[in-house]
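The values are calculated or read from the model by the stated rules, or taken from the named source; none is laboratory data. Note that the structure is predicted; figures quoted are calculated from it, not measured. Here Cβ is always computed from backbone atoms with ideal geometry, including for glycine, and neighbour counts include all displayed protein chains. Side chains are part of the model used for accessible areas, which takes the heavy atoms of the whole protein and leaves out ligands, DNA and RNA. Shrake-Rupley method; radii C 1.70, N 1.55, O 1.52, S 1.80 Å.
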Amino acid sequence: MTGASPDRAAGPGSHRRQARLDGFWRSLPYQPDRFQREAGEALEDGATVVVTAPTGSGKTLVAEAAVHLALESGERAFYTTPIKALSNQKFGDFIVEYGHDLVGLLTGDNSINGGAPIVIMTTEVLRNMIYAGSEDLSRLGVVILDEVHYLQDRARGPVWEEIIIHAPRHIQLVGLSATIANAPEFAAWVETRRGPTRLVEETSRPVPLESLYIVKDRWSQPSVRMYETFRGSDGARRRPNPAVQRLLTQGHRRRFGTPRRTETVEHLAEEGILPAIYFIFSRDGCESAARQIVADGVRLTTPDEREEIRTVAAARTSHLGDRDLGVLGYDPWLAHLEHGVAAHHAGLVPAFKETVEDLFSRGLVRAVFATETLALGINMPAKTVVLESLSKFTGEGHELLQPGDYTQLTGRAGRRGIDLRGYGIVLHSPYVRFDQVAEIAAAGSHELVSSFRPTYNMAANLVSNYPRRRAEELLAASFAQFQRKNRASAVAAGIEGLESELIRLRDQAECELGDIWTYLDEADAERGRSRHRNRAMFANRLRGGDVVEVPRGRRAGRYLVLLRRSSGRGDEGRLVLLGTSGKVTSWTWEDLVEGTSRLGSVTLPTPFRPKEKGYQQRVVRLLRSFRPDGGTSAPVEPSPPPPPANPVTACPDLTDHLRAARRLRRVEQRLSRARTESVRTGEDLVRDFEAILDVLDGWGYVDGWRLTPPGEQLRFVYNELDLLLTETVRRGGFTGLSLAETAALASVFVFEPRLDDQGSQWPTDETSRRFDTVLTLWEELTAAEGRHRLPETRRPEPGFAVLAHRWASEHDLEDFLEDVSVSPGDFVRVCRQILDLVRQIRDAWPEMEESATALIEAMDRGVVAAGGLA
């Protein structure tokens, strides 16, 4: 891989570059940045280009340069994005730039001018073209892969690698990525697949970002105070603001809190740093915030702006009927917009989301409360980005944001050509320490890790398109395997170093006076008994209402003892503890790490009902407001055990021997883990592929290295449950069903509930029986996967079946949507996924073409049809 220099000496190619791109650069209303020119030179050299740069830095200009060169050469250009909404936005942008005749759109469920010289599409569409050997690839000169860092996404990320691996070599690739920590590794892999590759990195933001921290100080007026997160510098390292650290550690804890959303927005308005995107990691939180701002009387717009907002909203939703608008809550939504605030999340229908994006871009909406889904690609730059919390609920528990997530979210702060600087703000939370906030904010980019793994559909296409040896070579050429090999090399080097250290430590540990290992075992055993006695004594002193502090470890934090449970075996038992997060856990005495201390106690509410959620919430409030009285009981600490009788106790070097012996045992544990990891990293993707072929062979999809007729159909099924769906169709699972019943059964292959307690009602007895058959097939499949040590196919989910049946029966939206928990946005999204799946069935099984076409006509209407451009 070669690196381009911005001031490289003129050579034979330099005049050619000037002749081809000079006019393009001159046509711009501004001077291109260094990295944009550097990438342009690489494009003219015919190299594949990987560009990593912060959000809003102008990566799209590199794509436009690539398109310019392709059109100049009489070739076509494809611009791919990870999501339909981003494809639609780019489609609109490119039409403005090049006109309707030159630009097309392909997103699976939309085909507009697909033969145009410039086509915007989702990555899946291009992957499918490559596998099908489409003629559209013959005149294709360049492919732009936008948001290429998305390849780490578990569900859809492998598509990027499939394109990089399988795209014809005559096609030039341009990968556009956010900043990543291992860009050279990724570019080195791309070069192994595409030939000469140029990595162009830009680390500086076009608009500098200032990190700020907002805290509510109840003892001062005004109560909302804003501080710099960092103060001064130490070389390249920024230091947390010591003033904030002193304030939070020395002040009374009741003094500080998280400012209310209204208070925060009003403060931003007073400081003149709106418009802002305010990230809240829940849909309900976003909606609640917008309602609260309006209820509190905050108005960020003028009368003229409100009139313009009404006009834009009416135009953007003109395709929806009055009854649909009523069900969707148009009037309160419009009221929020008129106040200059809005919610933005996946639960909104596309028309509502697009209206918010349009109004925000126009500067008419000045505070958008959004979930993190907004962070992917959509062009909504702001002056300020607010993170209400750095802790996010994952479905199983709360986890802190990764530095890369922080960088991605705050990357929207600062509008190029408008703002001199952007502002990334984190609100104070009593559950995330300020030093943790500063550490995350300072860390920057994250490492790009491949999520690539072979699937049944991929296996079928490999068998169809390549000889066996070549297919295995292509799998081994994935970025995932590239990273595995690099990791395996590092692990092997680590094992060699640990083995050398073991030899050295063994020499240091040996004692001429006796057996140091026996002495160590006896001493450690006594220490363990002493530790257990101390922990048991401490735990036995605890009573309900006591507050304890765990100083370190994965369970570090403050807890309240709800009750003690005795096991009836002496001093052993369990503690039922309630943490500040509201989670109830049960611990043994051994879970109390050294240094755990009792801070005091609170009086538990009566009547005592610790299993009731409402009671637990009352206790959590008591725990969160608890303040130690200044004294603490003795913490858990092991008393030093007496030394066991052994001749080695007379050795003057005993301390050194023991230190070496203990370190040796720690090194032995590290070595064992390293060897296990070495075996794991050595398990390559080809073995997984072989296991998949065995499953396909057992189910009759391959015969040796040849696809059977069902295998040929599997090639065109691009679904997470690809093999299960194909087998269901193959066994007549959809035969004889009405259109609405077909929609209901198809929904189980695309729907994934947001909650675990989704219902499983069925619109008809026949659909219920058919689903039982699907479940039986799924059980057979997962059993086969278990035997071959493959990841299990996820369970098909029936929670959308009734809705799909009603919509396909041509019910109106108001007939049922108000009575269910699925949001309008989710309803549209799942219906579009069903339509996409039905199209795949139509194309793969000609005998189902007529019924599939009729079903598409029945479902592709109203608010769902409007979602086609989302």
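Return the whole-Å distance between the Cα centroid of segment 279-317 and the Cα centroid of segment 781-805.
Taking the Cα centre of segment 781-805 as reference, the centre of segment 279-317 is 41 Å away.
Report, in listed order, any pair from Lys90/Lys383; Lys90/Lys353; Lys383/Lys583 with a Cα-Cα distance greater than 26 Å. Write down the numbers at each step before the final one.
Working: Lys90/Lys383 22 Å; Lys90/Lys353 16 Å; Lys383/Lys583 37 Å.
Cα-Cα > 26 Å for Lys383/Lys583; rest within.
Report Lys392's accessible area, 1.4 Å probe, all protein chains in place, as a number in Å² to the nearest 10.
Per-residue accessible area (Lys392): approximately 60 Å².
Taking only the C-alpha atoms, wrap a convex hull around segment 380-537 and report its volume per residue in Å³ as a whole number.
Cα convex hull per residue, to the nearest whole number: 320 Å³.
Tell me the label-point distance for the pair Thr649, Thr311, using the 7 Å Cα-to-Cβ offset, in nm and rounded to one decimal.
Going by the 7 Å Cα→Cβ label model, 9.4 nm.
For segment 793-800, what does the Karplus curve 6.51 cos²θ - 1.76 cosθ + 1.60, with θ = phi - 60°, yield as ³J(HN,Hα) per residue in whole Hz, taken in order and with x for Gly and Pro?
In residue order, the calculated couplings are 4, 5, 6, x, 10, x, x, 9 Hz.
So I have (1) 284; (2) 214; (3) 228, and one of them is volume of the Cα convex hull per residue in Å³ calculated from this model. Which one is it?
Among (1) 284; (2) 214; (3) 228, the one derived from this structure is (3).
What are the extents of the Cα atoms of segment 315-447 along their three principal axes, in Å, largest first?
That works out to 51, 42, 28 Å along the principal axes.
Looking at the square roots a ≥ b ≥ c of the eigenvalues of the Cα gyration tensor of segment 688-763, which shape do they give, rounded for a/c under 1.5, prolate if a/b is larger than b/c, or oblate? Each step should come with its number before you reach the end.
Numbers: a/c = 3.09, a/b = 1.68, b/c = 1.84.
Oblate is the answer for segment 688-763, as a/c is 1.5 or above yet b/c matches or exceeds a/b.
If you count only protein heavy atoms and use a 1.4 Å probe, how large is the accessible surface of His811, to the nearest 10 Å²?
My reading of the accessible area for His811 is about 80 Å².
Just for the Cα atoms in segment 421-470, what are the lengths along the principal axes, largest first, rounded to whole Å?
Result for segment 421-470: principal-axis Cα extents of 58, 29, 16 Å.
Pulled fully out, how much extra length does the chain show between Ala865 and Ser361, if you take 0.36 nm times their separation in residues and subtract their Cα-Cα distance?
Answer, rounded to one decimal: 178.9 nm.
Per-residue HN-Hα couplings for segment 657-663, Karplus 6.51 cos²θ - 1.76 cosθ + 1.60 at θ = phi - 60°, whole Hz, x for Gly and Pro?
So the J values, rounded to whole Hz, are 4, 5, 4, 5, 5, 5, 5.
Assuming 1.002 mPa s and 20 °C, estimate D for segment 693-842 with Stokes-Einstein, Rh taken as the Kirkwood radius over Cα pairs, in µm²/s. Could you put the intermediate results ahead of the total?
Values: Rh = 16.2 Å.
Reported coefficient: 132 µm²/s.
Looking only at Cα atoms, what is the convex hull volume of segment 195-302 per residue, in Å³?
219
For a label point 7 angstrom out from the Cα of Arg787 toward its Cβ, which stretches of segment 684-718 have the backbone nitrogen within less than 14 Å?
Only 691-700 fall inside the zone, counting backbone N under 14 Å.
Can you give the FRET efficiency for Glu590 and Glu522, using 1/(1 + (r/R0)^6), R0 = 22 Å, r = Cβ-Cβ distance, to the nearest 0.05?
After rounding, the FRET efficiency stands at 0.60.
Give the separation of the Cα centroids, segment 734-755 to segment 169-243, in Å.
Segment 734-755 and segment 169-243 have Cα centres separated by 43 Å.
Using 0.36 nm times the number of residues separating Arg609 and Glu473, minus their current alpha carbon distance, what extension gain do you get?
Extra length from Arg609 to Glu473 when fully extended: 42.7 nm.
Would you kindly state how much longer the chain becomes between Ser134 and Glu499 on full extension, computed as 0.36 nm times their sequence separation minus their alpha carbon distance, in nm to one decimal?
Details: separation 365, 0.36 × 365 = 131.40 nm, distance 5.42 nm.
Separation in residues times 0.36 nm, less the Cα-Cα distance, equals 126.0 nm.
Tell me the relative contact order for the chain as a rounded percent, counting alpha carbon contacts under 8 Å between residues six or more apart.
Values: 1388 pairs, mean separation 97.6, N = 870.
Relative contact order of the chain: 11 percent.
Taking segment 17-166 as the region of interest, what is the percent of Cα-Cα pairs per 10 angstrom bin, listed from the shortest bin to the one with the maximum distance?
With 10 Å bins starting at 0, P(r) equals 11, 41, 38, 10, 0.
Quick check on segment 128-283: what does the Kirkwood estimate of hydrodynamic radius come out to from the alpha carbon pairs, in Å? Before the final figure, lay out each step's value.
Working: mean 1/r = 0.0487 Å⁻¹.
Evaluated on segment 128-283, it is 20.5 Å.
List the aspartates and glutamates whose Cα sits under 13 Å from the Cα of Lys485, skipping any in the same chain fewer than 8 residues away.
Cα-Cα hits under 13 Å: Glu185, Glu677, Glu683, Asp684.
Express in Å², to the nearest 10, the accessible area of Ser138 obtained by rolling a 1.4 Å probe over the protein heavy atoms while all chains stay in place.
Counting only protein heavy atoms, the figure is 80 Å².
What is the distance, in nm, between label points placed 7 Å from the Cα along the Cα-to-Cβ direction at Asp435 and at Asn379?
Label-label distance for Asp435 and Asn379, simple model: 4.4 nm.
Going out from 0 in 5 Å bins, what whole percent of all Cα-Cα distances in segment 128-220 drops into each bin?
2, 10, 18, 20, 14, 10, 7, 5, 4, 3, 2, 2, 1, 1, 0
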